[in-house]
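Colleague: Sharing a structure below in structure tokens format, with a few things to ask.
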Amino acid sequence: MNTEIINSLRQIVSEENLITDELMSRHTTFRSGGPATLFLRVRTVSELFEVKRILDGDGMPYFVIGNGSNLLVSDKGYDGAVISSELLNGISLVDESTVCAEAGALNSAVASFVRDNSLTGFEFAAGIPGTIGGAMIMNAGAYGGEMKMIIKEVKVLTPDGKEMTLDNEAMEFGYRTSAIKGKGFIVLSALLNLEKGDQGAITDRMTELALKRKEKQPLEYASAGSTFKRPEGYFAGKLIEDAGLKGFSVGQAAVSDKHCGFVINKGGATSSDIYRLIQEVKERVYENSGVTLEPEVIMIGDFT
Ligand SMILES: Cc1cc2nc3c(=O)[nH]c(=O)nc-3n(C[C@H](O)[C@H](O)[C@H](O)COP(=O)(O)OP(=O)(O)OC[C@H]3O[C@@H](n4cnc5c(N)ncnc54)[C@H](O)[C@@H]3O)c2cc1C
């Protein structure tokens, strides 16, 4: 590793925000994953621009992490830089019904902010344990809502280092995808188009959905939420249960008894356990039903 590059990066983000050989199990909700060569927290958008410029110049691979709630990182780790958006987390009111949230703002924090400002439209996302950046990439959604319904525009850093604003249409939001997924764009912030509402009703709806989650999902275990995308015309959890895989495990990774669509870490599962379980589930579901499940979880690194 080039120490000159590391020193330049350290000067930009400060000593405490650059960590070498950082275990990704500390930054993913699966609680698994080996070390990233570099882990950096940027404090401002201009730091992010600078960091990107240096990494591009060096040719070191990198990706941005939000809350790590949809990621499976290999036990071998990631040979490159992981840029965390954690400290880029501002939330502000632009006008009466428009909110600007920076990429690293957690959905839960945005939910509290909009509730406090009596704004409705974001209730569906309050319990999705990711950031606004992750939600833009994935078009996060739940309980009949999705980001597509409330996003006015998204500010991004393009792969060639320019700031650009994409409106809702240009984002091409689809089921757990968007125009910028997997293409090297970095989300900086998003404008949310909400409506004035009744604070009591907003709070009630958020509480109701949180209870539903608690009742239906194995929130007591580490996971990345629904492991597979919903195949058209089916439910992944039902297909998995019908294949006799309820509770099926590989090492400490298991198909949840409570919700078969969730792969959980029962404690100490490796990413390899989780990966092998996912492959086995895919194969057995295909044998049983002829349906091919596609992981929703994004895999990073080498799983061979
Ligand atoms: C218990 C549980 C329940 C869940 N329920 C739901 C649900 O109801 N609905 C739903 O849609 N999802 C759900 N998820 C999955 C997950 O929370 C979402 O996919 C979320 O949007 C991911 O956000 P994140 O910040 O954690 O992204 P990460 O997991 O950190 O990253 C996901 C992808 O986005 C990229 N990314 C993140 N931030 C940026 C950025 N600023 N710029 C560019 N790329 C970026 C990453 O590189 C990666 O490719 C659940 C997960 C868990 C653990």
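Colleague: If a residue must be more than 8 Å from the ligand (Cβ to nearest atom) and surrounded by fewer than 17 Cβ atoms within 10 Å (Cβ to Cβ), how many such residues does segment 133-147 contain? Reasoning before the result, please.
Modeller: Within segment 133-147, the first condition is being more than 8 Å from the ligand (Cβ to nearest atom), and the residues that meet it are 144-145, 147.
With the extra rule that they be surrounded by fewer than 17 Cβ atoms within 10 Å (Cβ to Cβ), the set shrinks to 144.
Number of matching residues: 1.
Colleague: Among what's in segment 71-81 and is assigned to a strand (DSSP E or B) and more than 9 Å from the ligand (Cβ to nearest atom), pick the residue that is farthest from Glu50 (Cα to Cα). Don't jump to the end; show me each part of the working.
Modeller: Within segment 71-81, the subset assigned to a strand (DSSP E or B) is 71-73, 78-81.
Now narrow it down to the ones that are more than 9 Å from the ligand (Cβ to nearest atom): 72-73, 78-81.
Working: Leu72: 27, Val73: 26, Tyr78: 21, Asp79: 20, Gly80: 16, Ala81: 14 Å.
The residue in question is Leu72.
Colleague: Among the strands (runs of 3 or more DSSP E) lying completely within segment 192-304, list those that include at least 3 residues that are within 16 Å of the ligand (Cβ to nearest atom), more than 30 Å from Val99 (Cβ to Cβ) and modelled with pLDDT of 95 or more. Before you say what the answer is, go through the steps one by one.
Modeller: Values: elements: 222-226, 253-255, 262-265, 298-300.
Counting at least 3 such residues, we get 253-255, 262-265.
Colleague: Kindly provide the set of residues from segment 148-187 that are farther than 19 Å from Asn70 by Cα, in contact with a strand residue (DSSP E or B) (Cβ under 7 Å, 6 or more places away or on another chain) and not in a loop (DSSP other than H, G, I, E, B), ordered by number. Step through it out loud before you land on a result.
Modeller: Here is the first cut: in segment 148-187, the ones farther than 19 Å from Asn70 by Cα are 149-172.
Cutting the leftovers down to in contact with a strand residue (DSSP E or B) (Cβ under 7 Å, 6 or more places away or on another chain) gives us 150-158, 163-168, 171.
Of everything in segment 148-187, those that are farther than 19 Å from Asn70 by Cα, in contact with a strand residue (DSSP E or B) (Cβ under 7 Å, 6 or more places away or on another chain) and not in a loop (DSSP other than H, G, I, E, B) turn out to be Ile151, Lys152, Glu153, Val154, Lys155, Val156, Leu157, Glu163, Met164, Thr165, Leu166, Asp167.
Colleague: If I ask for residues that are touching an Asp or Glu at 6+ places or on another chain (Cβ under 8 Å) and farther than 17 Å from Ser74 by Cα, which ones from segment 250-284 would you list?
Modeller: Cys260 - this is the single residue of segment 250-284 that is touching an Asp or Glu at 6+ places or on another chain (Cβ under 8 Å) and farther than 17 Å from Ser74 by Cα.
Colleague: If you don't mind, there's one more thing I want to ask. In segment 56-70, is there at least one residue being in a strand (DSSP E or B), away from the ligand (no atom under 12 Å from the Cβ) and open to solvent by less than 30 Å² (accessible area, probe 1.4 Å)? Give the derivation first.
Modeller: Of all residues in segment 56-70, those in a strand (DSSP E or B) come to 62-65.
Applying the additional criterion that residues be away from the ligand (no atom under 12 Å from the Cβ) yields none.
No, segment 56-70 contains no residue that is in a strand (DSSP E or B), away from the ligand (no atom under 12 Å from the Cβ) and open to solvent by less than 30 Å² (accessible area, probe 1.4 Å).
Colleague: Within segment 103-134, which residues are charged (D, E, K, R) and in contact with a helix residue (DSSP H, G or I) (Cβ under 7 Å, 6 or more places away or on another chain)? Walk me through it before giving the result.
Modeller: Here is the first cut: in segment 103-134, the ones charged (D, E, K, R) are 115-116, 123.
Matches in segment 103-134: Arg115, Glu123.
Colleague: Asp160 fails exactly one of the following numbered conditions: (1) more than 13 Å from the ligand (Cβ to nearest atom); (2) closer than 15 Å to Ala190 by Cβ. What is the number of that condition?
Modeller: That leaves (2) as the condition not met.
Colleague: Give the residues of segment 46-55 that are under 17 Å from Gly90 (Cα atoms) and open to solvent by 40 Å² or more (accessible area, probe 1.4 Å), sorted by residue number. Before the answer, list the steps.
Modeller: Here is the first cut: in segment 46-55, the residues under 17 Å from Gly90 (Cα atoms) are 46-48.
Within segment 46-55, just Ser46 meets the criteria.
Colleague: How many residues are in contact (Cβ under 8 Å) with a residue 40 or more places away in the chain, open to solvent by 10 Å² or more (accessible area, probe 1.4 Å), within 16 Å of the ligand (Cβ to nearest atom) and among the hydrophobic types (A, V, I, L, M, F, W, C) when one looks only at segment 82-127?
Modeller: Residues in segment 82-127 being in contact (Cβ under 8 Å) with a residue 40 or more places away in the chain, open to solvent by 10 Å² or more (accessible area, probe 1.4 Å), within 16 Å of the ligand (Cβ to nearest atom) and among the hydrophobic types (A, V, I, L, M, F, W, C): 4 in total.
Colleague: Step by step: first the residues of segment 7-36, then only those that are of a type in the set (Val, Ile, Thr) and within 16 Å of the ligand (Cβ to nearest atom), then the one that is most open to solvent (accessible area, probe 1.4 Å). Which residue is that? Walk me through it before giving the result.
Modeller: So in segment 7-36, the residues of a type in the set (Val, Ile, Thr) come out as 12-13, 19-20, 28-29.
So of that shortlist, the ones also within 16 Å of the ligand (Cβ to nearest atom) come out as 13, 28-29.
Working: Val13: 0, Thr28: 1, Thr29: 32 Å².
It comes out as Thr29.
Colleague: Moving on to the next point. With the requirement that a residue be buried (at least 21 other Cβ atoms within 10 Å of the Cβ) and of a type outside the set (Val, Ile, Thr), what does segment 226-236 give you? Quick ask: steps written out before the conclusion?
Modeller: Just the residues of segment 226-236 that are buried (at least 21 other Cβ atoms within 10 Å of the Cβ), to begin with: 226-228, 236.
Within segment 226-236, Ser226, Phe228, Ala236 qualify.
Colleague: How many of the residues making up segment 166-187 are within 10 Å of the ligand (Cβ to nearest atom) and open to solvent by 20 Å² or more (accessible area, probe 1.4 Å)?
Modeller: 7
Colleague: Please give the number of the condition Glu4 fails out of (1) assigned to a helix (DSSP H, G or I); (2) within 11 Å of the ligand (Cβ to nearest atom).
Modeller: Result: Glu4 fails condition (2) only.
The values are calculated or read from the model by the stated rules, or taken from the named source; none is laboratory data. Source: prediction; values computed, not measured. For neighbour counting, all protein chains shown are included, and Cβ atoms are generated from backbone atoms with ideal geometry for every residue, glycine included. Heads up: the accessible areas ignore ligands, DNA and RNA and are worked out on the full protein's heavy atoms, side chains in. Shrake-Rupley method; radii C 1.70, N 1.55, O 1.52, S 1.80 Å.
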